[in-house]
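Notes to accompany the following structure.
The values are calculated or read from the model by the stated rules, or taken from the named source; none is laboratory data. Treat the numbers as computed from the prediction; the structure is a model and nothing was measured. All Cβ positions, glycine included, derive from the backbone under ideal geometry; neighbour counts span all protein chains shown. Accessible surface is based on the protein model in full, side chains and every heavy atom, while ligands, DNA and RNA are left aside. Shrake-Rupley method; radii C 1.70, N 1.55, O 1.52, S 1.80 Å.
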Amino acid sequence: MGGMPHNDMPWWRWRSNVRSALHMLSDTAFQRDVWLAGVDGYGDVTDAVYRLVEDTWLDNWSAEKYVGTIFRDSQEAALVDTAVLRVLRIMHQVGPDAPVTAYLEHEGWPEATRAARDAHMRMAASDGDDPDAPPSPLEVLRILTRSA
């Protein structure tokens, strides 16, 4: 997320949180090498889901509501909505405190990962970032969202 323009969207801090979550939820190598391995500094699946929906309330209404504030256009919003629905469906089935393996072994996880990847790719490209760069640790996100 290093190349992302920080101030061109009114609610860029929320955008940063959504992008961070989608990035982690979309990267199967990251999930295996970091979440399954228990590497510190990145949170877990539940942390990523909360970053996706906590401030934005995307678990209650469409991302379309935030076009022009968090999301650049309706296509971005639609891709985010799809990812949110796929991931939340799994979280509600396995439970928010389920181990990482419960998510990754869920039959719907590949579809959720693809939806998150589609949204991540679109948002990263819109922000001029490399969508294939590895996800940043949460400390980098905290620093980014504190700066202006």
Item to complete: On a 0 to 90° scale, report how tilted helix 109-126 is relative to the longest principal axis of the chain, with both axes built from alpha carbons and the result rounded to the nearest 10.
Response: 20
Worksheet entry | the chain - mean residue ellipticity at 222 nm from DSSP helices (-39,500 (n - 2.57) per run, n ≥ 4, rounded to 500) | -16500 deg cm²/dmol
Discussion item. Probe radius 1.4 Å, ligands and nucleic acids left out: which of His120, His92 has the largest accessible area, and how do the rest follow?
Written reply: His92, His120
Worksheet entry | Lys, Arg +1 and Asp, Glu -1 on Cβ, resulting dipole of the chain about Cα centre, debye, nearest 20 | 280
Worksheet entry | Whole-number D in µm²/s for the chain (Stokes-Einstein; Kirkwood sum over Cα pairs; 10 °C, 1.306 mPa s) | 105
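Among 13-20, 58-65, how do they line up by average Cβ neighbours within 10 Å per residue, starting with the highest?
Going by the mean number of other Cβ atoms within 10 Å, highest first, we get 13-20, 58-65.
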Discussion item. What whole-number distance in Å separates the alpha-carbon centres of the range 103-145 and the range 52-69?
Written reply: 17
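Using a 1.4 Å probe on the protein chains only, how many percent of the accessible area of the range 10-143 belongs to carbon and sulfur? It would help to have the intermediate numbers written out before the result.
Details: 3350 of 6360 Å².
Carbon with sulfur: 53 percent of the solvent-accessible area.
What accessible area per residue, rounded to a whole number of Å², is obtained for the chain using a probe radius of 1.4 Å? Please list the in-between numbers first.
On the way: 7190 Å² over 148 residues.
Heavy-atom accessible area per residue stands at 49 Å².
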Discussion item. Let me check something: with ligands and nucleic acids excluded, how do Ser126, Ser26 order by accessible area (1.4 Å probe), largest to smallest?
Written reply: Ser126, Ser26
Worksheet item: Pick from Ala98, Ala48, Ala115: which is most flexible by mean-square fluctuation in a GNM of the chain where alpha carbon atoms under 10 Å apart are linked?
Response: Ala98
